[in-house]
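**Student:** The structure that follows is given in the form of structure tokens.
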Amino acid sequence: KVELYDQAAQTFKALLAKDPQGEYAPDALYYLGECAYARGNKAEAIRQYSQVVGKFSGHKLAPDALYATVQQARTDWQGAPEMPKGIREELALRYHQALGRLVSAWPAAFAGTDTRAVSYGARRERE
């Protein structure tokens, strides 16, 4: 199974090398992230997802890429209770920043929820 992810990653890298701004570049970056995640390389997955959001924010996969980034930050943050306070605070900050970007980028998706941009900002200030 890992070999299939490696093969897919090579295909996506070749596509990006050929046309880094092309029609399929955001898809290739996103699925490179998926391949990295499946192989256990979370940091590489986040790098790929971040490129989708940073370079192709209007693409249909940008929300998924940003959501994956937020979820990984949350996992890191929640898994850190035994870590020193400074590291926990850094992880919490990264999580809240990523969630804030997600809410700000797609406010309609959060309308009527407790994570709307307005309530999120007020809630974050109270923490």
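**Student:** Buried (at least 18 other Cβ atoms within 10 Å of the Cβ), among the aliphatic types (A, V, I, L, M) and more than 8 Å from the chain's Cα centre (by Cα): does that describe A65?
**Tutor:** Criteria not met by A65.
**Student:** Taking the range 1-40, which residues are among the hydrophobic types (A, V, I, L, M, F, W, C) and surrounded by 12 or more Cβ atoms within 10 Å (Cβ to Cβ)? Write out each step before concluding.
**Tutor:** Step one: of the range 1-40, the residues among the hydrophobic types (A, V, I, L, M, F, W, C) are 2, 4, 8-9, 12, 14-17, 25, 28-29, 32, 35-36, 38.
Scanning the range 1-40 gives A8, A9, F12, L15, L16, A25, A28, L29, L32, C35, A36, A38.
**Student:** Take the residues in the range 12-26 that are assigned to a helix (DSSP H, G or I) and in contact with a helix residue (DSSP H, G or I) (Cβ under 8 Å, 6 or more places away or on another chain); name whichever of them is nearest to V53 (Cα to Cα). Before you say what the answer is, go through the steps one by one.
**Tutor:** Taking the range 12-26 and keeping what is assigned to a helix (DSSP H, G or I), we get 12-18, 25-26.
Of the ones still in play, those that are also in contact with a helix residue (DSSP H, G or I) (Cβ under 8 Å, 6 or more places away or on another chain) are 12-13, 15-16, 25-26.
On the way: F12: 17, K13: 18, L15: 19, L16: 16, A25: 12, P26: 9 Å.
The selected residue is P26.
**Student:** Select from the range 45-62 the residues that are open to solvent by 50 Å² or more (accessible area, probe 1.4 Å) and under 11 Å from the mean Cα position of the chain (by Cα) and list them in ascending order.
**Tutor:** Here is the first cut: in the range 45-62, the ones open to solvent by 50 Å² or more (accessible area, probe 1.4 Å) are 47, 50-51, 54-55, 57-58, 60.
Selection gives R47, S50, Q51, G54.
**Student:** What are the residues in the range 27-42 that are part of a helix (DSSP H, G or I) and out of contact with any Asp or Glu (no Cβ under 6 Å at 6 or more places or on another chain), if any?
**Tutor:** D27, A28, L29, Y30, Y31, L32, G33, E34, C35, Y37, A38, K42
**Student:** Residue by residue through the range 80-103, note down the ones that are open to solvent by less than 80 Å² (accessible area, probe 1.4 Å) and in contact (Cβ under 8 Å) with a residue 12 or more places away in the chain.
**Tutor:** Within the range 80-103, L91, A92, Y95, H96, A98, L99, G100, L102, V103 qualify.
**Student:** Then there is this: Against the definition (in contact with a Leu (Cβ under 7 Å, 6 or more places away or on another chain) and under 24 Å from A8 (Cα atoms)), how does Q71 come out, yes or no?
**Tutor:** Details: in contact with a Leu (Cβ under 7 Å, 6 or more places away or on another chain): no; under 24 Å from A8 (Cα atoms): yes.
Judged against the criteria, Q71 is not a match.
**Student:** Filter the range 52-66 down to residues that are assigned to a helix (DSSP H, G or I) and out of contact with any Phe, Trp or Tyr (no Cβ under 9 Å at 6 or more places or on another chain), then give me how many there are.
**Tutor:** Number of matching residues: 3.
**Student:** Could you list, in sequence order, the residues of the range 19-57 that are among the hydroxyl-bearing types (S, T, Y) and modelled with pLDDT of 95 or more?
**Tutor:** First, pick out the residues of the range 19-57 that are among the hydroxyl-bearing types (S, T, Y): 24, 30-31, 37, 49-50, 57.
Listed by number, the residues that qualify are Y24, Y30, Y31.
The values are calculated or read from the model by the stated rules, or taken from the named source; none is laboratory data. Predicted model, so just to flag it, every value in this text is computed and none were measured. Every residue, glycine as well, gets a Cβ built from its backbone with ideal geometry; the counts of neighbours run over all protein chains shown. Quick note on the areas: whole protein, heavy atoms, side chains included, nothing else; ligands and nucleic acids left out. Shrake-Rupley method; radii C 1.70, N 1.55, O 1.52, S 1.80 Å.
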